[in-house]
Amino acid sequence: MKNLKIISLLLTVIVFITGCAPQTEESQLQKFIQAHVRKVKPLEKKASLAYWKAANTGNPEDYDKVSELTLKIRKVYSNPRDFAFLKDIKDSKEVKNPLLARQLLVLHNAYLANQIEPQLLKEIVDLGTEIEKNFSTFRCTIEGKKVTTNEIKEILKTETDSDKRKLAWLASKQVGPVVSDDLIRLVKLRNKAAKKLGFDNFHTFSLTTGEQDVKELDRIFNELYELTNEPFEKLKADLDKILADKYGVEVSELMPWHYHDPFFQETPLVYEVDLDKYYKDKDVKELATSFYASIGLPVESVLANSDLYEREGKNPHAFCTNIDREGDVRILCNLKNNENWMETILHELGHAVYDKYNDPNVPYLLRQPAHIFTTEAIAMFFGRLSRNPAWMQQMLPLSDQQRAEIEKVSYKYAQLKQIIFVRWDLVMYEFEKQLYANPDQDLNSLWWQMVEKYQLVKKPPDRNESDWAAKIHFTIAPCYYHNYVLGELLASQLHHHIVYNILNLESEKDVSFVNQKKTGDFLTEKIFRPGDVYHWNDMIEQAASEPLTTKYFIAQFVN
Ligand SMILES: [Zn+2]
């Protein structure tokens, strides 16, 4: 009682000193945000720089520094008192200023995603790390002999003997039973955490904190299923004929090991054309630099801070990082002059221009892409150009005859690649949803039901192993896979909108975007500058006149 009196006296004094009525929700929130940004901004910059260093050196101590800083940031977001404060303000519905309301939502979701209680979180992280370790130390064997993942991939790409292919495929699944019990335990732990926070399961929890909705995703994926059914069946029938011929079996005898990768997620190399020969005497960095300049999105300042070539110890892949949300954007590549790296540098620079050309006046918390899949879409939009015959003709340049040669196969290949990936992603999305809904069901059967339904690949007779668990994404990137397809959908939607409504062309047949400054202007104004100021679907609607839709992807690759 006494304490209360003192507190109320104190409050009166504070109110008196600040000379105004009790603080409104908006001003309390404003103060919270200022203090929060003061805390996280330097930490996030340090973490980005530490990650950049680690990726460049490969030193374990540098990676330890990254973990340490990541943990510090997570600690900020896991504070239950701060979360309660944000939740109260959000529930009060008193924050009317749109920019503040948006920051509140973004903050609320970031805190919510980190509200798993420390003991449970530790169990989840430890078990996840343990499974990941088992993945990386497990060695597949063929007839008792150790083989690497790359060797398995190579066999599935080139071997013509069905028995040898089968052994390689079986080897690729050996890790499944080794990790599956732990993975089911991990799923249950994640579900336990989600339920404590009031969600049905971890799948719904993780979509919600990512501003996505199961119903909406179900609608999109169902539409993709319906619209790709017939075309996929037809394309796959053609493909199966070619594969059956190649392996000297009947089409009816084709088994999962007759496709060119362990999950049939990639396009078998039967319609492939060698594009590398067009790039081998070029400089992919120069090509990317001059292309981006030609559309009014210069990237020199990005490349100046970037690290582009192979080096001992360096991360062999590629990524883009926004160091400070103040213009220091970098990409890491291991460039070679071939088509794959042409695609990759265009892709990473797509992420980079999204980050680089944001509006510096947008509040720090919103100075980021509207969603992980929207930045992926921009990267894919540009990455696709490395195989676009019109783009290649202008940039390389090519003769009409060379272009015609590429065109003969490039369309078919692109179509196959996209449809095969969509059907594979349907398996991943649907299986993962059901995995979290009920981890106690017969998952081995569920997996093959999905594969047979979506990929039209037959389950080997009597097979009852945890083949699903061999996909590492369920462990390291849960409930994420659907974003790849959403990115492709948006890339096609933007492609269509730019061709017909921004460049006002009559057909997309010859579009290369080279020298089309309007392309860069449109992307900058409608997508890069707003950052995360709007919900991703509002941003898409404002940019392209309608919310995210499957129809342009279908028009571009399916019909
Ligand atoms: Zn990307």
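Here, each number is a calculation from the coordinates, and none is a lab measurement. Just so it is clear, the model here is predicted, and its values are computed rather than measured. Backbone-built Cβ (ideal geometry, glycine too); neighbour counts: all protein chains shown.
A few remarks follow.
- Two-decimal log10 I(q)/I(0) for the stretch 304-362, as the Debye equation yields it once each C-alpha is a single scatterer, q = 0.12, 0.20, 0.24, 0.27 Å⁻¹: -0.30, -0.73, -0.95, -1.10
- Each Lys or Arg adds one and each Asp or Glu subtracts one; over the other residues with Cβ under 12 Å from the Cβ of R81, this totals -1.
- Close amide-amide hydrogen proximity is noted between L308 and C333, each under 5 Å apart and 5 or more residues distant or on a separate chain (H modeled in the peptide plane; Pro and chain starts excluded).
- Relative pair counts by distance (%), Cα atoms of the stretch 178-302, 5 Å bins: 2, 8, 9, 9, 9, 10, 13, 16, 13, 9, 3, 0
- Hz values of 3J(HN,Hα) by residue in the stretch 371-382 - Karplus curve (6.51, -1.76, 1.60), Gly and Pro given as x: 6, 4, 7, 6, 6, 4, 4, 5, 4, 5, 3, 7
- For the stretch 113-166, the extents of the C-alpha atoms along the principal axes are 53, 23, 15 Å, listed from largest to smallest.
- Computed lengthening from K31 to D462, 0.36 nm per intervening residue step minus Cα-Cα distance: 148.9 nm
- Secondary structure note: in the chain, about 90% of the DSSP beta bridges are antiparallel.
- With 0.36 nm allotted per residue and the present C-alpha distance subtracted, the D440-A237 stretch has 69.5 nm of extension available.
- Translational diffusion coefficient (Stokes-Einstein; Kirkwood radius from C-alpha pairs) of the chain at 25 °C, 0.890 mPa s, in µm²/s: 94
- Calculated mean residue ellipticity at 222 nm for the chain: -20000 deg cm²/dmol, from DSSP H runs with n ≥ 4 weighted as -39500 (n - 2.57), summed, divided by the residue count and rounded to 500.
- The stretch 114-177 and the stretch 188-217 have their alpha-carbon centroids 27 Å apart.
- Residue pairs, from the table K122/K196; K277/K336; K153/K173; K164/K246; K408/K458, whose Cα atoms sit over 20 Å apart: K408/K458
- Remark: the stretch 99-206 is approximated by an ellipsoid whose semi-axes, taken from the C-alpha gyration tensor as √(5λ), come to 40, 17, 12 Å, largest first.
- Potential extension, K145-E130 segment - 0.36 nm per residue separation minus Cα distance: 2.9 nm
- Take the Cα of N109, step 7 Å toward its Cβ, do the same at K417, and the gap between the two points is 3.0 nm.
- Across the options Q394, L503, I420, the greatest Cα extent toward the positive end of the charge dipole of the stretch 390-545 (unit charges at beta carbon of Lys, Arg, Asp, Glu) belongs to Q394.
- In nm, spacing of pseudo-spin labels at E68 and E250 (7 Å Cα→C-beta vector): 6.6
- When the stretch 418-559 is reduced to its Cα atoms, the Kirkwood hydrodynamic radius in Å: 17.7
- Here the translational diffusion coefficient of the stretch 492-536 follows from Stokes-Einstein with Rh set to the Kirkwood radius across Cα pairs; for 37 °C and 0.692 mPa s it amounts to 289 µm²/s.
- In this structure the amide hydrogen of V147, modeled in the peptide plane, comes within under 5 Å of the amide hydrogens of C140, T141, I142, none closer than 5 places in sequence on its chain.
- Pairwise centroid distance, computed over Cα atoms, of the stretch 365-430 with the stretch 461-517, Å: 8
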